[in-house]
Amino acid sequence: MSGWPDTLVCLSGGIDSIVLVECMRAAGRFGGAVHFVYQHPAQSYERRAVMAVRRRLHLKGETAPILDVDLPLRAAALASGVGRSGPRVVAARNLVMLSMAANIAASMGLSRVAIGATLADADGYADCRPDYLDSVSKLVAPFGVEVVAPLSSLTRERVRRCAVRFGVPQDEPWGCYEPADGLPCGSCDSCQQ
């Protein structure tokens, strides 16, 4: 460990955000995580993944908090039909989440909010692109917080290799936007990556 706990991680329960938690822990920068709860088809599966992360980290002696925060987002775009390929875009989702995370980080005395946006995310999601995240970071900077995306140059395959290196159980992350009968749909953008 080389840093100090200064980072709040946005934890969705997907492999990217779980790897990001482990990266921040390895660097000594993990100050906690926040999981945003809002109505969408995969919410119960994401929450289950976050609970598994919470249990695993607790067993490792991690004391930094993992918070659940309810958001009144309208996520109708995520329920676009099982089997339909392509991204599921929820207007301003990351803007809302990063703003809330910046508020939480500042209240906890943390100076960074980390999001698990990857190279693959930048193609279909404008709010995962470096220029967008830089703009949000400038908006929250007056409050002593910056937004970082340490995985933004990584492919999904590289993120998977990091998960193995960190010992993340393969069944822990959830990565489907529109599960059917408790199983990943296999067609959405997240499943295809």
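Please treat every number below as a calculation from the coordinates, not as lab data. Predicted model, so just to flag it, every value in this text is computed and none were measured. Cβ coordinates were reconstructed from backbone atoms using ideal geometry, including for glycine residues, and neighbour counts include every protein chain displayed.
Below, the figures for the structure above:
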item	result
Contour excess over end-to-end distance, with Cα ends at MET51 and ASP131 and 0.36 nm allotted per residue	25.6 nm
Within the chain, percent of DSSP bridges classed antiparallel, to nearest 5	5 percent
Sequence-separation-based contact order of the chain, relative, with Cα cut under 8 Å and 6+ spacing, percent	27 percent
Computed over the range 131-193: relative contact order in percent, which uses C-alpha pairs under 8 Å that are six or more apart	18 percent
Helical mean residue ellipticity (222 nm; -39500 (n - 2.57) per DSSP H run of 4+; nearest 500) of the chain	-12000 deg cm²/dmol
Label-point separation in nm, ALA141 to MET100, each point 7 Å along Cα→Cβ	2.6 nm
Pairwise label distance in nanometres, GLU157 with SER107, each label 7 Å out on the Cα-Cβ vector	4.3 nm
The chain: most fluctuating residue of ARG165, ARG54, ARG112 per GNM, C-alpha cutoff 10 Å	ARG165
Stretchable slack from LEU183 to GLN43, in nm (0.36 nm times residue separation minus alpha-carbon distance)	49.1 nm
Inter-part distance where the range 111-174 and the range 21-74 are each reduced to a Cα centre, Å	14 Å
